[in-house]
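Okay, so here's the structure we're looking at.
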């Protein structure tokens, strides 16, 4: 460390860019908050004096802003949209070259800028007075000659002029305030701009003078550790650059799977140690995945690109399964008819492969208003083309609606009674009698593809002869696999094909049983070791590669999201005008249907009533009580009658007991009041006698 200069980690990292990495640093001293152990993301990082750190990557996290007037600090995100203006330095520059060296990279893009000279400038026969503003227009560079600055000066009494000044001219030069505006990312990408002072533009804090300090996430490795360290550059650590002196120090080099692919082919086969295993929520569900744990070892046999297909099982199964299958799979497949649950699915399949024929598996009633034709089970349709059709119903604005549809032909079944001699004539007649129908894309339906193909195919041949997706069934297993997981499925759908960069790997205890790791779908950190291969030199074993890898539904959804990010959603049915007369015609049908269902529900209720015992039946309604006198029954006056409206007084509610009546009227007096509108006691006694007599008659019967 002799003859080297120590710098704070923050300052040293801010002076780096990714092009000069990696760098080897040695820790001099430092304070890590409360102690020497700093906990980052759940792992302890301890830096001691003399430790070697190899910085392999830096990532900008945020920008720390320091107000030099009051020493306040605050952070801004990297995507901050505000603009900044350079604050001119108070100290003068001794030469033009010194002033130009502090301009941002790509000086010509930031021209022109203005400066002044405290003393007069004499260039040849041209003399310029002191404190005159000069605008730099360009920098002229000629091979073998000194660089010159082409300047423009605006005359006060004399006319404007242009002249050239050599960059080595000495004097006292001050930079004038410029109208240039910079974003936060532009400042952080220029080492020259980082050393300048700034102020906000068009904000309430525009008078504050700021120093902008980048805060990086440092990715590093240590010679005594195997994992990658990640820590912020704001740690209070002093470091020394010892890259040249420690170039022979052996650091464990962690590699991602993508970086493994970039290694030369002569590096394989090799033994690698897993430094960081895959994530817990993995996209794969296979036998070799649980063994990819930290500190375990693998054999990387070779790297390459494999052609694969993604298969899915039927949705009707209890759990839907997905498989990533190499096109080198040795089993045989037979085509299966596809099922479609809407006309839009027919449209998508027809656009991928014309000449689609389907059979209707569920009947559909005709709906003239929405343009839906009638379909019967067993009818066969041939999709001809896509076109537009006009609906009979009008929109809410009273305009005709035009929707996209599929033009199909109904295929007539041949008559078995026709003679063989008339086959050609009947076939021509059948083509002439084909009925054309239009199916709107928003129509729901159930169809099955008509397939008359019993040929057996290899997996790589299916992709060449047919478009995907395609429904298939395994009719003969792959004999090279110990267990073929694709056998036993009634139907499998080939969702798509892909070319995947893979690493052929195996474990040390089974070096001949290999599997392929798709590097784009699995994140893992490894390092090559010097461990010997588990077979004699030059005699590698014959490898058996697993051709089928089960994946999770997350893999399938991610694959569909990447492939169909711009796919249009299915069309919506048209909006009908509810006030039109055509819409109101269908309402009686719904009413009659509802009445029919209501009548059907009342039948079992009546049957259950007839099955009840006679003793459980309610007695017949009693006759009305006899009138004790010849007077007609009293009429109960209504509220808000004409008399009430005149007097403005409502009659009391005799059904509600009031505290006033309880205190002034005795219970015996209430029964003797013949003027009352209701005689409760008389009615109750009469009703009780009638009910008792009815019960005696029923029991006697």
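The values are calculated or read from the model by the stated rules, or taken from the named source; none is laboratory data. On a predicted model such as this, the values are computed, not experimentally measured, just so you know. Using ideal geometry, Cβ is built from the backbone for each residue, glycine included, and neighbour counts are taken over all protein chains shown.
If I filter the range 243-255 for residues that are under 15 Å from residue 10 (Cα atoms), in contact (Cβ under 8 Å) with a residue 24 or more places away in the chain and buried (at least 16 other Cβ atoms within 10 Å of the Cβ), do I get at least one hit? Break it down into steps so the answer makes sense when it comes.
Initially, the range 243-255 is screened for residues under 15 Å from residue 10 (Cα atoms), giving none.
Checked the range 243-255: no residue is under 15 Å from residue 10 (Cα atoms), in contact (Cβ under 8 Å) with a residue 24 or more places away in the chain and buried (at least 16 other Cβ atoms within 10 Å of the Cβ).
If you check 382, 387, which single one turns out to be outside any loop (DSSP other than H, G, I, E, B), free of Cβ contacts under 8 Å to residues at least 60 places away in the same chain and within 20 Å of residue 451 (Cβ to Cβ)?
Working: 387 fails: within 20 Å of residue 451 (Cβ to Cβ).
Testing whether each residue is outside any loop (DSSP other than H, G, I, E, B), free of Cβ contacts under 8 Å to residues at least 60 places away in the same chain and within 20 Å of residue 451 (Cβ to Cβ) leaves just 382.
Which is surrounded by fewer than 14 Cβ atoms within 10 Å (Cβ to Cβ), over 29 Å from residue 329 (Cα atoms) and at pLDDT 90 or above, of 532, 568?
Working: 568 fails: at pLDDT 90 or above.
The match here is 532.
If you check residue 227 against the conditions, is it within 30 Å of residue 29 (Cα to Cα) and surrounded by fewer than 14 Cβ atoms within 10 Å (Cβ to Cβ)? Step through it out loud before you land on a result.
Numbers: within 30 Å of residue 29 (Cα to Cα): yes; surrounded by fewer than 14 Cβ atoms within 10 Å (Cβ to Cβ): no.
Considered against the rule, which asks whether it is within 30 Å of residue 29 (Cα to Cα) and surrounded by fewer than 14 Cβ atoms within 10 Å (Cβ to Cβ), residue 227 comes out as no.
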Being closer than 24 Å to residue 470 by Cβ and either out of contact with any helix residue (DSSP H, G or I) (no Cβ under 6 Å at 6 or more places or on another chain) or not in a loop (DSSP other than H, G, I, E, B) (or both) is the filter here, so list the residues in the range 350-378 that pass it.
-> 350, 351, 352, 353, 354, 355, 357, 358, 359, 360, 361, 362
Name the single residue, out of those in the range 462-500 being over 17 Å from residue 320 (Cα atoms) and free of Cβ contacts under 8 Å to residues at least 40 places away in the same chain, that is nearest to the chain's Cα centre (by Cα).
-> 464
The condition of being within 30 Å of residue 252 (Cβ to Cβ), out of contact with any helix residue (DSSP H, G or I) (no Cβ under 8 Å at 6 or more places or on another chain), outside the structural domain of residue 355 (by TED's automatic domain parsing) and not in a strand (DSSP E or B) holds, among 537, 523, only for 537
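So in the range 197-212, with the set limited to residues that are at pLDDT 80 or above and over 12 Å from residue 68 (Cβ atoms), which one is surrounded by the most Cβ atoms within 10 Å (Cβ to Cβ)?
We begin by selecting, within the range 197-212, every residue at pLDDT 80 or above; these are 197-201, 208-212.
Next, only the ones that are over 12 Å from residue 68 (Cβ atoms) stay: 200-201.
Working: 200: 16, 201: 13.
The selected residue is 200.
A quick yes/no check of all residues on (1) assigned by TED's automatic domain parsing to the domain that holds residue 478; (2) over 24 Å from residue 348 (Cβ atoms); (3) surrounded by 14 or more Cβ atoms within 10 Å (Cβ to Cβ); (4) at pLDDT 75 or above:
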{"site": "373", "(1), (2), (3), (4)": "no, no, yes, yes"}
{"site": "383", "(1), (2), (3), (4)": "no, no, yes, yes"}
{"site": "388", "(1), (2), (3), (4)": "no, no, no, yes"}
{"site": "403", "(1), (2), (3), (4)": "no, no, yes, yes"}
{"site": "406", "(1), (2), (3), (4)": "no, no, yes, yes"}
{"site": "409", "(1), (2), (3), (4)": "no, no, yes, yes"}
{"site": "444", "(1), (2), (3), (4)": "no, no, no, yes"}
{"site": "458", "(1), (2), (3), (4)": "yes, yes, yes, yes"}
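Among the listed residues 368, 345, which satisfies the condition of being farther than 18 Å from residue 382 by Cα and not assigned by TED's automatic domain parsing to the domain that holds residue 465?
Details: 345 fails: farther than 18 Å from residue 382 by Cα.
After ruling out the rest, the residue left standing is 368.
Have a look at 555, 515 and point out the one that is surrounded by 15 or more Cβ atoms within 10 Å (Cβ to Cβ) and either free of Cβ contacts under 8 Å to residues at least 60 places away in the same chain or assigned to a helix (DSSP H, G or I) (or both).
Answer to the check: 555.
Please give the strands (runs of 3 or more DSSP E) falling wholly within the range 233-349 in which 1 or more residues are modelled with pLDDT under 90 and farther than 30 Å from residue 364 by Cβ. Don't jump to the end; show me each part of the working.
Values: elements: 236-241, 270-276, 297-313, 322-326, 332-335, 339-342.
Output list reads 236-241, 270-276.
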Extreme residue, surrounded by the fewest Cβ atoms within 10 Å (Cβ to Cβ), among residues of the range 64-85 that are assigned to a strand (DSSP E or B) and within 29 Å of the chain's Cα centre (by Cα) = 77
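Would you be able to say whether some residue in the range 471-483 is within 26 Å of residue 386 (Cα to Cα) and either assigned to a helix (DSSP H, G or I) or not assigned by TED's automatic domain parsing to the domain that holds residue 407 (or both)? Before you say what the answer is, go through the steps one by one.
Let us first name the residues in the range 471-483 that are within 26 Å of residue 386 (Cα to Cα), namely 471.
Imposing the further condition that a residue be either assigned to a helix (DSSP H, G or I) or not assigned by TED's automatic domain parsing to the domain that holds residue 407 (or both) reduces the set to 471.
Yes, the range 471-483 has at least one match.
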The one condition in (1) in contact with a helix residue (DSSP H, G or I) (Cβ under 9 Å, 6 or more places away or on another chain); (2) over 14 Å from residue 83 (Cα atoms) that residue 195 fails to fulfil | (1)
So which of 150, 154 ends up being surrounded by 14 or more Cβ atoms within 10 Å (Cβ to Cβ) and either touching a residue at least 12 places away in the same chain (Cβ under 8 Å) or under 30 Å from residue 253 (Cβ atoms) (or both)?
-> 150
Is one or more of the residues making up the range 204-223 part of a loop (DSSP other than H, G, I, E, B) and closer than 25 Å to residue 48 by Cα?
-> yes
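Can you find a residue in the range 203-219 that is under 27 Å from residue 303 (Cα atoms), within 34 Å of the chain's Cα centre (by Cα) and in the same structural domain as residue 19 (by TED's automatic domain parsing)? Show your work before the answer.
Quick first cut of the range 203-219, residues under 27 Å from residue 303 (Cα atoms) only: 219.
In the following step, the residues that additionally are within 34 Å of the chain's Cα centre (by Cα) were identified as 219.
Add one more test, that the residue is in the same structural domain as residue 19 (by TED's automatic domain parsing), and what stays is 219.
Yes; the residues of the range 203-219 include at least one that is under 27 Å from residue 303 (Cα atoms), within 34 Å of the chain's Cα centre (by Cα) and in the same structural domain as residue 19 (by TED's automatic domain parsing).
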